[in-house]
Amino acid sequence: MIIAIDGPAAAGKGTLAKRLAIALNLPYLDTGLLYRATAKRVLEAGGDPTDVQAATAAARALSKADTSRADLRDAVTSKAASQVASIPAVREALLAFQREYGSANGAVLDGRDIGTVIFPHADVKLFVTASVEARAKRRQAEFIARGESVPLANVIADVAARDEADRTRAAAPLIPAEDAILIDTTTLNIEEAFLHAMQEIEKKLAASNS
Ligand code: C5P
């Protein structure tokens, strides 16, 4: 079974996807880590994340250790991830890994193009959104938990800029698949979002089996 979860930055996809993976007994892949790790490799080599050759070579050379790093979520890496993600050859280099991961034992995958490009025939597609303010507040709370203090206005600007870049790029832009179920988490806590998503998944699976 493939559950595809797409949506903009900090919409709660990761938290929701992890909960769903446990409840459904499926492996979980955070595909954003692939782009973040690619960006980190480029940055650490002193390269430019918009350089097609450097970014593509980094994506092709990606290892498990790169994606397991604990320092992939800072603002600089987030912006660079969005930049490398707009390069078609980078996306191409990361595509097979994502498909193989999901095809081995089924999976819950979260990202931007899981339901549109990676698994267009996923059993269930969720598109998770929330207002930009709600998303920025959640991201800011994560920064504070890590001991970093960033003004909310800066986080709103970063999140909005990354969404705009992800939505307007030519390669696999962030758009809901036609058959995606929309979940707005603006006023939902984690538990409510999880319960709502489980209900929607059960409904969808029941409809597909009937
Ligand atoms: O999900 P996360 O915020 O960690 O993703 C970081 C960046 O990686 C996103 O802003 C987006 O540009 C890119 N990404 C993507 N496709 C995915 C997952 C992430 O383009 N499937």
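Derivation of every value follows stated rules applied to the coordinates shown; laboratory data play no part. All values derive from a computational prediction rather than experimental measurement. Cβ placement follows ideal geometry from the backbone for every residue including glycine, while neighbour counts extend to all protein chains displayed.
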Task: Choice from 48, 184, 71 with maximal GNM fluctuation in the chain (Cα, 10 Å cutoff) - done: 71
Open item on the list: Charges on Cβ only, +1 for Lys and Arg, -1 for Asp and Glu, centred on the Cα centroid of the chain; of 83, 7, 45, which one is farthest towards the dipole's positive end?
Closed with: 45
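Below 8 Å between Cα atoms, with a sequence gap of 6+, how large is the relative contact order for the range 2-201 in percent?
Details: 317 pairs, mean separation 67.0, N = 200.
RCO, the range 2-201: 33 percent.
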- [ ] Give the long-range amide H neighbours of residue 2: residues separated by 5 or more places, or on another chain, with amide H under 5 Å away, using H modelled in the peptide plane at 1.01 Å from N.
- [x] 107, 123, 124
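Would you work out the relative contact order for the range 50-132, in percent, from Cα pairs under 8 angstrom that are 6 or more residues apart?
Numbers: 34 pairs, mean separation 24.1, N = 83.
Value for the range 50-132: 29 percent.
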Open item on the list: Can you compute the FRET efficiency between residue 144 and residue 210 using 1/(1 + (r/R0)^6), with r the Cβ-Cβ distance and R0 = 35 Å? Round to the nearest 0.05.
Closed with: 0.15
Task: Set of the range 17-57 residues, backbone N closer than 20 Å to the point 7 Å along the Cα-Cβ line of residue 189 - done: 17-20, 23
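For the range 2-201, rounded, prolate or oblate, judged on the Cα gyration tensor with a ≥ b ≥ c (square roots of eigenvalues), a/c < 1.5 rounded, else prolate if a/b > b/c? List each step's numbers first, then the result.
Working: a/c = 1.59, a/b = 1.14, b/c = 1.40.
Oblate.
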Task: 3J(HN,Hα) from dihedral phi, the range 24-32, Karplus parametrisation 6.51/-1.76/1.60, rounded to Hz, x for glycine, proline - done: 9, 6, 10, x, 10, 10, 8, 6, x
Open item on the list: If the elastic network links every pair of Cα atoms under 10 Å, which of 131, 78, 86 fluctuates the most in the Gaussian network model of the chain?
Closed with: 131
Open item on the list: Neighbour counts of other C-beta atoms within 10 Å: give me 127, 97, 194 arranged from fewest to most.
Closed with: 97, 194, 127
- [ ] Please figure out what share of the DSSP beta bridges in the range 2-201 is antiparallel and state it in percent, rounded to the nearest 5.
- [x] 0
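For the range 95-163, build the convex hull from the C-alpha positions and give me its volume per residue in Å³.
Values: hull volume 8.2 nm³, N = 69.
So the per-residue hull volume is 119 Å³.
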Task: Per-residue ³J(HN,Hα) for the range 162-170, Karplus 6.51 cos²θ - 1.76 cosθ + 1.60, θ = phi - 60°, Hz, x for Gly and Pro - done: 5, 4, 4, 5, 5, 6, 9, 5, 6
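Please express the shape of the range 18-89 as an equivalent ellipsoid: the semi-axes are the square roots of 5 times the eigenvalues of the C-alpha gyration tensor, given largest first in whole angstrom. Can you show the working numbers first?
Details: eigenvalues 119, 29, 24 Å².
Its equivalent ellipsoid spans semi-axes of 24, 12, 11 Å.
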